[in-house]
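Visitor: Quick one: the structure is below, and I'll ask about it shortly.
The values are calculated or read from the model by the stated rules, or taken from the named source; none is laboratory data. Bear in mind the structure is a predicted one, so any value in this text is a computation, not a measurement. Cβ placement follows ideal geometry from the backbone for every residue including glycine, while neighbour counts extend to all protein chains displayed.
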Amino acid sequence: MAAAAPGSASKHTFSSLLKQKPGKTSPPRSRGTMAISMRDVDPAFQGAGQKDGLEIWRIEKLQAVPVPRESHGKFFAGDSYIILKTTARKNGSFQHDIHYWLGKDTSQDESGTAAIKTVELDVALGGRGVQYREVQGNETEKFLSYFKPCIIPEEGGIASGFRHTEINEREHVTRLFVCRGKHTVHVKEVPFARSSLNHDDIFILDTKSKIFQFNGSNSSIQERAKALEVVQYLKDTNHEGKCDVAAVEDGKLMADADAGEFWGLFGGFAPLPRKTFSEPNGKDTAFPPKLLWVNKGQTVSVDYEVLTKALLDSTKCYLLDCGSEIYVWMGRETALEDRKQAGLAAEELLREGDRPKSHIIRLMEGFETVIFRSKFNKWPKKAEAVVSDESRGKVAALLKRQGFNVKAVAKSAPVKEEPLPQIDCTGNLQVWRVNDSEKTFLSFSEQCKFYSGDCYIFQYSYPGDDGEECLIGTWFGKKSIEEERAAATSLANKMVESLKFQAVLVRLYEGKEPIEFFPIFQNLVIFKGGASTGYKKFVSENGSQDDTYSESGVALFRVQGSGPDNMQAIQVDAVAPSLNSSYCYILHDGDTVFTWIGNLSSSMDQELAERQLDVIKPNLQSRMLKEGSEYDQFWKILGIKSEYSSQKIARDPESDAHLFCCTFLKVA
């Protein structure tokens, strides 16, 4: 680690950033989604959520198919869609809101697929998003705010053979819409009849040559202004901007030409009744919350006197039925299949109760919304740290801030290869690769894959004693270039500055990482070569040999770590001397894959090798070879059989932190 520069955030040895909190030993915990193989996630979601904006998929033949950007906001009533809203925060991280929209005529298979695929998308994004169920005609304001000024679903769908590009090519049909809302507009098609009109709302009649806006006498100025935006949208969308527009005021008689034409389309003027029918808004304030545990797709009622967080188990999924909303709470240690079943159980609960206007909101443990937490009695401000041999402990306040004697602790603790202060990394981890002078955000599936020729910036936010704490770090690969190292340092400093210097800043070098670093990533793979533009340019200009990892080539990985929450695969030279009897290795030549088990390796080492295969070579079967029983093909791939070590690779001890005082003198 480097010493702190004047004016920058504090820098410390990594272990000095960690503090082990006392507490009861609990079952192992992990970041939930990290235990789920990416093979279970739809490839259509690869790379999703990496930039600010909207991404939309339509369910076609029970598959998620991307919708072109020019068709965003155009929905078919016979289809189901998945919508991802990615919002860039000021600190460079991303917030993800996931919605699945169900048209009024969509099939049960399509709606069920959308619900399941939404869970997969959340897994691909790291399990930090909030998921919302949207039903045509009863969408949330949050969802409607993405589409300006509104959404107006078309009839038909994929089953009818309609494509998004054909919407504007269809023959025009006269339609009547009701508009409600002062901020976000709810637009709903109603029957083209006088009986649909009332004094409270605003109606838009879209004919082939003219669009009429009928302003109910009880409607507000704000509502009329929003409806006018919808009129302009219809003019541009359905008429290519070429049609007349007319406003009709409620109560005006036939003397007005536009009013006369409007009422003529309804068969002539007739006064509307003063008392109008008011649609229920779907809210049920008197509905007492009910907590249900989802067990293998079936709901089991949970009895309680007071609704508290203690009722929620991290290994289970629950439904909190609040009438107008059903919350699906997913424990971090649940499997992907359990989360899918919980979502389907919520859908079934709405169907059985005939509650089409109720919303479903799905939340991952640790990322609950304020509204959800308010349903509980005294929701704790932060989760208790979990300390166990398998858990990922928690990055907490600096030891020295708390008055601990770092040197004394180090002397009293037994010397072990793996860290004693476990880190509960259920916080928010974001990773960027440095490309020249810019940083590129890495998706959840890519943030654990580093290259030795590249530089990376990571940001980890976690609950601390005095509010949210933040750790920002740079990682320099052994073969990274100086220009990108300097860029990484500058970009990390700017991130700290944007947080008003409240973050802790660290600098790490490949091969010199402290052992406390790895549990934050859980599963880290370090490849040879580089993927950054700076590294590629350097190799090209200097005529150097580019040994960047290739899936179709020959590669050898040494697998190491203490458990599923702390494991690494390091690419080494694909030669026999790289082997070591104390480790397990993965060797591949294209689609030919071997797992080599050293005689001194443990059963845990073998399990970690199997897990790393899911990352390096998913969907391929590996042949397991015990040391001493290798095939000739194995040695042929490595070039030649030769001697190798059996001693476990020792780590350099981390030195104590040093504090330097800098004095600047003005030279005359």
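Visitor: Is it the case that Gly137 is under 14 Å from Pro356 (Cα atoms) and assigned by TED's automatic domain parsing to the domain that holds Gly53?
Guide: Judged against the criteria, Gly137 is a match.
Visitor: What number of residues within the range 587-616 are charged (D, E, K, R) and outside any helix (DSSP H, G or I)?
Guide: 2
Visitor: Of the residues Glu468, Glu541, only one is closer than 15 Å to Leu429 by Cα, out of contact with any Leu (no Cβ under 9 Å at 6 or more places or on another chain) and at pLDDT below 95; which?
Guide: Working: Glu541 fails: closer than 15 Å to Leu429 by Cα.
On inspection, the qualifying residue turns out to be Glu468.
Visitor: Answer yes or no as to whether Ser314 is more than 30 Å from Asn428 (Cα to Cα) and polar (S, T, N, Q).
Guide: Here the answer is no, as Ser314 does not meet what is asked.
Visitor: From the list Gln606, Gln560, Gln522, which one is within 22 Å of Phe444 (Cβ to Cβ) and either buried (at least 21 other Cβ atoms within 10 Å of the Cβ) or not assigned by TED's automatic domain parsing to the domain that holds Ser443 (or both)?
Guide: Numbers: Gln606 fails: within 22 Å of Phe444 (Cβ to Cβ); Gln560 fails: within 22 Å of Phe444 (Cβ to Cβ).
After applying the criteria, what remains is Gln522.
Visitor: Does the range 114-125 include one or more residues that are touching a Ser or Thr at 6+ places or on another chain (Cβ under 9 Å) and not in a helix (DSSP H, G or I)?
Guide: yes
Visitor: Just to check your reading of the model, which residue among Ala246, Ala227 is of a type in the set (Gly, Ala, Ser), in contact (Cβ under 8 Å) with a residue 24 or more places away in the chain, surrounded by 14 or more Cβ atoms within 10 Å (Cβ to Cβ) and within 16 Å of Pro149 (Cβ to Cβ)? Talk me through it step by step, then tell me what you get.
Guide: Details: Ala246 fails: within 16 Å of Pro149 (Cβ to Cβ).
Result of the check over Ala246, Ala227: Ala227.
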